[in-house]
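Engineer: Here it is: the structure, laid out below.
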Amino acid sequence: MIRRSALPLMAALLGATAAQAQDMAITNARVVIGDGSAPIDGGTVIIRAGKVAAAGAGVAVPPGVPVIDAGGKWVTPGLVVAVTDLGLVDVGAVDASNDVGAEKSPFNAALDVAPAINPHAQPIAIARANGVTRAAVAPLGTGAIFGGQGAIIDLGSDPRAVTLPRAFQYAELGEDGARLAGGSRAATYAVLRNALAEAREIALAPAGARRNDVLLTRRDAAALVPVVTGKQPLYAHVERAADIRMALSLKGEFPALKLVIVGASEGWLAASDLAAAGVSVLATPLNDLPARFEQLASTQSNVGRMAAAGVKVSLGFFNSMSPTITQFAGNLVALGRLPRAAGLTWDKAFAAISSGPADALGMADRFGSLRAGRAGDVVIWDGDPLEARSGVVRLFIDGIEQPLQNHQSRLRDRYLTPQEGSLPKAYDW
């Protein structure tokens with residue numbers, strides 16, 4: 001049995017801005033490190049000062065550290081959702097609560113999503129209850145090929161969600177990019193190369209030098225300087241194999257560019273190029289019914305084929321329905337057992353939603369696994385986390401236990417066993 005600790009309930013946690021991380025040991029667990037290694041039965045996880053001190057078999061519990069007996073349950077690092085709108089939207093159809101897009105803004109690359117993130121948005125609470133502890137939030141809709149600067153957040157129930165603002169620049173380079181740039185992919189890459197060239201000129205020019213023959217606003221150009229100098233990754237959304245190869249060719253002209261490919265429905269067709277370039281891919285999993293011409297070669301074996309070719313591929317590009325990431329990973333495991341299909345082993349599938357996305361974000365030394373020194377983001381599950389019927393029992397972020405209640409769970413509890421008189425009366429017209 002897992003012993004419940006006497007921690008504050010959700011209301012107290014929401015108001016506790018100075019919550020203290022717990023020292024604790026989780027014993028008798030099936031420990032998943034999250035780095036692609038096999039689960040460890042009878043393992044122990046030690047958390048000290050909000051960070052992982054040790055995890056694995058034969059780990060001794062330090063004297064005086066409170067112990068949680070997992071009773072053989074699964075214990076994993078928190079899940080990482082890469083390229084999502086978590087925190088930017090409450091109800092997608094209600095414009096006033098939706099900050100995902102800024103199509104009418106005079107700025108694009110200079111946009112910074114960090115001030116718009118709402119740490120108490122219900123999708124964040126729902127994702128947290130499903131094991132997600134970290135996310136990379138991206139601006140997914142602007143009036144130009146550059147969407148703006150994304151942020152890395154934690155999903156703790158406190159007012160400070162943003163852990164790294166301006167973490168990456170997001171760009172649309174496929175069909176959407178063509179539409180935004182003037183109607184053709186030729187226009188997309190002309191606009192893209194011109195923008196990066198302007199930013200490079202600013203980076204190399206003496207302070208105060210006058211800019212001539214420019215198309216970008218001063219702030220948009222300045223926002224791209226970290227991209228061309230390699231200080232800020234460029235997340236490029238492309239689906240078609242030809243577009244992937246074109247994006248990879250940017251490295252020849254801008255060698256400092258830190259490129260991450262997002263989407264990649266036809267990535268398997270460009271797998272050798274992706275592997276040779278060594279870029280990370282955050283793939284939309286299980287696309288096999290192409291909704292666009294740029295996805296004609298979609299196949300559920302896409303991720304498996306890229307992984308087999310040596311591509312650094314993880315799962316990403318999710319909207320606020322991110323709780324489904326464990327189901328996607330689980331389906332990739334099942335896919336690997338089908339004749340003539342390509343999927344992932346269980347260990348690699350879990351890494352694709354934990355340490356893999358963290359590595360693509362450049363944060364693998366901070367979170368995404370239970371290696372020593374990483375954040376104390378720990379999840380205790382009541383079953384195999386990649387099985388749809390399994391759920392989260394307890395969850396910690398930076399060593400602090402988090403509430404699992406959310407709007408969906410409260411509705412479930414309310415209507416699961418309704419009592420006469422406790423529900424609102426129905427209208428009779």
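Yes or no, residue by residue, for (1) of a type in the set (Asp, Glu); (2) in a loop (DSSP other than H, G, I, E, B); (3) within 27 Å of Val100 (Cα to Cα):
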| residue | (1), (2), (3) |
| --- | --- |
| Ala270 | no, no, no |
| Pro285 | no, yes, yes |
| Ala297 | no, yes, no |
| Val313 | no, no, yes |
| Val333 | no, no, no |
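Engineer: Which is assigned by TED's automatic domain parsing to the domain that holds Thr284 and either closer than 29 Å to Val31 by Cβ or in contact (Cβ under 8 Å) with a residue 40 or more places away in the chain (or both), of Asn98, Asn108?
Structural biologist: After ruling out the rest, the residue left standing is Asn108.
Engineer: Name the pairs whose Cβ atoms lie under 9 Å apart, with the first residue in the stretch 153-172 and without any contact (Cβ under 8 Å) to a residue 40 or more places away in the chain, the second part of a strand (DSSP E or B), and 6 or more positions between them or separate chains?
Structural biologist: Thr163/Arg134; Thr163/Ala151; Thr163/Ile152; Thr163/Ile153; Thr163/Asp154
Engineer: Something else about it: Failed condition for Ala241, given (1) at pLDDT 95 or above; (2) farther than 21 Å from Pro139 by Cα; (3) surrounded by fewer than 21 Cβ atoms within 10 Å (Cβ to Cβ), with all others met?
Structural biologist: (3)
Engineer: What residue, of Thr163, Thr133, is polar (S, T, N, Q), crowded, with 20+ Cβ neighbours inside 10 Å and part of a strand (DSSP E or B)?
Structural biologist: That would be Thr133, the only listed residue that is polar (S, T, N, Q), crowded, with 20+ Cβ neighbours inside 10 Å and part of a strand (DSSP E or B).
Engineer: Now a separate question. Quick test of your reading of the structure: Trp346 fulfils all but one of (1) buried (at least 24 other Cβ atoms within 10 Å of the Cβ); (2) farther than 24 Å from Ser272 by Cβ. Name the failing condition by number.
Structural biologist: Every listed condition holds for Trp346 apart from (1).
Engineer: Still on this model: Please give the number of the condition Ala55 fails out of (1) surrounded by fewer than 24 Cβ atoms within 10 Å (Cβ to Cβ); (2) at pLDDT 95 or above.
Structural biologist: With respect to (1) surrounded by fewer than 24 Cβ atoms within 10 Å (Cβ to Cβ); (2) at pLDDT 95 or above, Ala55 is out only on (1).
Engineer: While we're on this one: Specify the residue that is nearest to Ile325 (Cα to Cα); the eligible residues are those in the stretch 372-399 that are crowded, with 17+ Cβ neighbours inside 10 Å and either touching a helix residue (DSSP H, G or I) at 6+ places or on another chain (Cβ under 7 Å) or not assigned by TED's automatic domain parsing to the domain that holds Gly43 (or both).
Structural biologist: Leu386
Engineer: Go through the stretch 272-307 residue by residue and tally those that are modelled with pLDDT of 95 or more and under 24 Å from Met363 (Cα atoms).
Structural biologist: Total meeting the criteria: 14.
Engineer: Failed condition for Val83, given (1) under 27 Å from Ser369 (Cβ atoms); (2) among the hydrophobic types (A, V, I, L, M, F, W, C); (3) at pLDDT below 95; (4) in contact with an Asp or Glu (Cβ under 6 Å, 6 or more places away or on another chain), with all others met?
Structural biologist: Val83 satisfies all of (1) under 27 Å from Ser369 (Cβ atoms); (2) among the hydrophobic types (A, V, I, L, M, F, W, C); (3) at pLDDT below 95; (4) in contact with an Asp or Glu (Cβ under 6 Å, 6 or more places away or on another chain) except (4).
Engineer: In the list Val65, Val61, Val91, which residue meets the criterion of being in a loop (DSSP other than H, G, I, E, B) and either exposed (fewer than 14 other Cβ atoms within 10 Å of the Cβ) or in the same structural domain as Leu361 (by TED's automatic domain parsing) (or both)?
Structural biologist: Just a single option satisfies the conditions, and that option is Val91.
Engineer: List every residue pair whose Cβ atoms sit under 6 Å apart, with the two residues 6 or more apart in sequence or on different chains, where the first one lies in the stretch 287-301 and is under 24 Å from Gly336 (Cβ atoms) and the second, anywhere, is buried (at least 18 other Cβ atoms within 10 Å of the Cβ) and hydrophobic (A, V, I, L, M, F, W, C).
Structural biologist: Ala297/Leu269; Gln300/Leu286; Gln300/Leu335; Ser301/Ala342
Engineer: I would also like to ask the following. So the check is Cβ under 9 Å with 6+ separation or different chains; which pairs have a first residue in the stretch 347-376 that's on the phi > 0 side of the Ramachandran plot and in a loop (DSSP other than H, G, I, E, B) and a second one that's of a type outside the set (D, E, K, R) and surrounded by fewer than 24 Cβ atoms within 10 Å (Cβ to Cβ)?
Structural biologist: Short answer, once both residue conditions are applied: Gly362/Ala167; Gly362/Pro233; Gly373/Val52; Gly373/Ala53.
The values are calculated or read from the model by the stated rules, or taken from the named source; none is laboratory data. Small disclaimer: the values here were computed from a predicted structure and weren't measured. Cβ coordinates were reconstructed from backbone atoms using ideal geometry, including for glycine residues, and neighbour counts include every protein chain displayed.
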